[in-house]
Amino acid sequence: MEEEAFTGSSEAVVPPWFPAGLTDQAYDPATFSEGLPSPWGRFHGWDWTGAISPDWWNQPDTTTWGAWPSDVKAVDLLEHTRQSIIMDVDGQYIVHLFPFQTGHDLSTLALFQPWREALSEVPLLMPIGGMKHEGGDMVIIYPHHAYSPVDTQQVPSLAKALGRIHTTLAPFATPNTERRWNERLKSIEGHLKTTTLWRAPHTKHVLGLPSVYLSNLVLNGSSEPQLIPTSRPLMDHLLCADERLPGAAMMGRLEQRLALIGRFESSDERQGFYEAWAKQVPSSWSSPSSISTVNGGLWIWRYEAILLMLAEARAYGLDQQVKQCEGWLNDVSRIQARLGELRSMHGLRKTGLWGALATLVITWDAQNWSGLPGAVILTMLAMAGIGHLLYRRRLPSPY
């Protein structure tokens, strides 16, 4: 996966989590608390470098929660990833430091008892402690574990694991917030100045779930992929409002990450990925109407994922990813043209059905429908039938 991690703690090299393409301010953690300017708004962080020293951990702080290490003797910096700095503390904890604060999603998962209890039975490595301030989570502590990149796992297994997490969160789902989801897209498109504009009329079965953002790492040594949650991505934080998103949106992000590195060789593999997820979640979430492209379906969340990945690529100077995302977006106009055709075909079949019904009502008292009224009714029904066949034939596959 696109983590571009490196080991060591040298500050001579700009770490992969610093968006050098987004701000003209030099890399200096001492200035993070003042905020860094960017075209997408000012973002704030903290000077994480003190956490390399054991003394930093041994100083009491009122912003800590849960299992905070005490009498720390050794801190080993393992690597920098796209979102965090990973450390081993005393061989007892694996700690993620988030230099830029983007919200309290991680600490909320651990501290809100109903969610914590529900998620205790699913393949998700839950935080056991951390540090936060009003801007968001700064430090998250996990039990000591070995980890590996998520792309080392079988794709259907990842989908199944994510489906189990979504099913567990289903009792906490909130109703469709179509207007706000479309406003998110509008905000992202506006900041990126893309020429694509896409909105979706989601069905009532598309529900919002508590946010679970996944890192590009999984736990080693488990019988099934155990996913490791992370903080809200910086690009998401800067470009759009925080909203509860449906499970399909989280699947779309994972799918596009995997697609970026060539894990789907065909549409059949992509379909298998979503079907593995669908077997775990409520059937209404993956019903034909819920995943239909006409209603937004899976494609609208792929689209949002690509927009955010394009923003990430520009912010972190990932030229190859920029090309991949822009290439994908070039095909959006083709999908939208197909949807335009479908609206015309849907209009044709509605006109045929309503025309046949109207003729039937008007000529209800006619003694003989074998003449003009009958011909009109048959013509209208034929029009509706042709419109329906064309509609079904031109309907884009959800996958």
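A few notes on this one:
- Residue satisfying condition, being surrounded by 15 or more Cβ atoms within 10 Å (Cβ to Cβ) and closer than 22 Å to ALA241 by Cβ, within set LEU185, LEU97, LEU158: LEU185
- Criterion applied to PRO15, PRO60 was being part of a loop (DSSP other than H, G, I, E, B) and under 27 Å from the mean Cα position of the chain (by Cα), and the one residue passing it is PRO15.
- Qualifying residue in region 293-309 (condition: over 24 Å from ASN182 (Cα atoms), modelled with pLDDT of 70 or more and in contact with a Gly (Cβ under 9 Å, 6 or more places away or on another chain)): no
- Elements of type helices (runs of 4 or more DSSP H) in region 102-170, at least 3 residues being hydroxyl-bearing (Ser, Thr, Tyr): 155-169
- The one condition in (1) out of contact with any Lys or Arg (no Cβ under 7 Å at 6 or more places or on another chain); (2) assigned to a loop (DSSP other than H, G, I, E, B) that LYS186 fails to fulfil: (2)
- The set of residues in region 219-234 that are in a strand (DSSP E or B), aliphatic (A, V, I, L, M) and modelled with pLDDT of 95 or more comprises LEU227, ILE228.
- Filtering ARG164, ARG184, ARG199 for residues that are in contact with a Leu (Cβ under 9 Å, 6 or more places away or on another chain), on the phi < 0 side of the Ramachandran plot and either at pLDDT below 95 or not assigned by TED's automatic domain parsing to the domain that holds GLU265 (or both) leaves a single hit, ARG199.
The values are calculated or read from the model by the stated rules, or taken from the named source; none is laboratory data. Not measured: the values here are computed from a predicted model. A quick note on method: Cβ atoms are made from the backbone with ideal geometry, for glycine too, and the neighbour counts reach across all protein chains shown.
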